[in-house]
1. Quick check for me: using +1 on Lys/Arg Cβ and -1 on Asp/Glu Cβ, what's the dipole size of region 258-307 about its Cα centre, in debye to the nearest 20?
2. What shape does region 157-202 have by the C-alpha gyration tensor, where a ≥ b ≥ c are the square roots of the eigenvalues, rounded means a/c under 1.5, and otherwise prolate means a/b greater than b/c and oblate the rest?
3. Which option, (1) 2.33; (2) 1.30; (3) 1.43, is the value of Cα Rg over 2.2 N^0.38 Å that was calculated from these coordinates?
4. Take the alpha-carbon centre of region 260-325, take the same for region 17-95, and report the distance between them in whole Å.
5. With an 8 Å cut-off on Cα pairs and a minimum separation of 6 or more residues, tell me the relative contact order of the chain in percent.
6. Lys/Arg Cβ at +1, Asp/Glu Cβ at -1, dipole of the chain taken about the Cα centre: which of S137, H157, G93 is farthest positive-ward?
7. Calculate, for the chain, the solvent-accessible area per residue in square angstrom, rolling a 1.4 angstrom probe over the heavy atoms of the protein chains.
8. Would you please classify the overall shape of region 103-144 from the alpha carbon gyration tensor, given that a ≥ b ≥ c denote the square roots of the eigenvalues, rounded means a/c under 1.5, and beyond that prolate means a/b larger than b/c while oblate covers the rest?
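The values are calculated or read from the model by the stated rules, or taken from the named source; none is laboratory data. On a predicted model such as this, the values are computed, not experimentally measured, just so you know. Don't worry about glycine lacking a Cβ; one is built from the backbone with ideal geometry, like all the others, and counts go over all protein chains shown. Accessible surface is based on the protein model in full, side chains and every heavy atom, while ligands, DNA and RNA are left aside. Shrake-Rupley method; radii C 1.70, N 1.55, O 1.52, S 1.80 Å.
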Amino acid sequence: MVPTWLILSTTVVLLALWLALAGWVIGARLAHDRLIRLRRRDAELLVGGADPSRWSRRRLWRTADGDWLPGTAEAARELVSRERPRLRRLANGRSQHRSHALRVLTRGGSPFAFRLLRSALDTADGGLRAAIVAIASEQQTPSADNLLLEILVDGSHPRSRTATELTPRARRLAPDLIDLADHAEAEVRYWALMLLREASDKPGVKAAAVRCSADPSGTVRSAAARLLGATHAADVQDVLHALLTDEVFFVRSHAARAVGEVGAEDLADVVAALLADTSWWVRAAAKESLFLLGGSGLEAAAEMLENEDGFARDGAREVVSAFRRESRPLELVG
């Protein structure tokens, strides 16, 4: 039998440890909240005309290295003017302060900032590469654009995340993205086409999508189909027709949606035939597309009501019923 004093002692020790842990968590949260409040207050003071030259190095660093706020750049510029050599040493070092120094140098407009960022990429681990992408993403400058494009191409950071940061820049980067649509690596071509959807009205975009519709990579062809749909061009029906019969199911799926987006009514019968496709995703996309095609889509669906394939008959009934209810396309895929 366990002695009572041992049970009580163990209970007291565990309770004390739990209280200590709870106190540490609460204290850390309070300290974090206080730091955020101080950063916001100081940033607002700088926006209001406060003189950063009167501030201490600690206060400037706290503001310059925090969240990107109006006033942050003023603190960073003052810190760079005071401690440029020290910041460059930290940016070239291997300490935990490296990403912080790179952030301050970039925000402060140092002429060496982007050269240091590129140099850091060569030896950076995953965490530092993510920080470099975040730092570059704050800057709406050609230097930042070029760095993010380089990171997208070399794949040193997950391309999906880099593409997310490039999306707001896609319209001004359309010529570069069109060139990347012919890149040797399929994944680069894919992301170039996906980003070009944000600039689908720019010259040369439709031509790039048409070229890539015959790409040997299925993912690239699917991106080309999506881009063709985004262009809303009426003269790409022959290209979409070929993609509707692609051997890869997700290419057929995106091509079917693109037909509805561009309003290619002449392809309604071809899309309706996809109601009998072996892939659920293709059948769902075909139903959406037929609804978008309006009257021609309804006629094509009605002709499939007597099809020998059960999936085709069910899908056709859904489309016809949706027209009767005037439902939204998303209701068709349930």
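1. That gives region 258-307 a dipole magnitude of about 220 debye.
2. oblate
3. (3)
4. Each part's Cα centre sits 58 Å from the other's.
5. In percent, rounded to a whole number, it is 7.
6. Of the options given, the answer is G93.
7. Details: 17540 Å² over 334 residues.
So the chain comes to 53 Å² accessible per residue, rounded to a whole number.
8. Working: a/c = 1.91, a/b = 1.48, b/c = 1.29.
Because a/c hits 1.5 or more and a/b exceeds b/c, region 103-144 counts as prolate.
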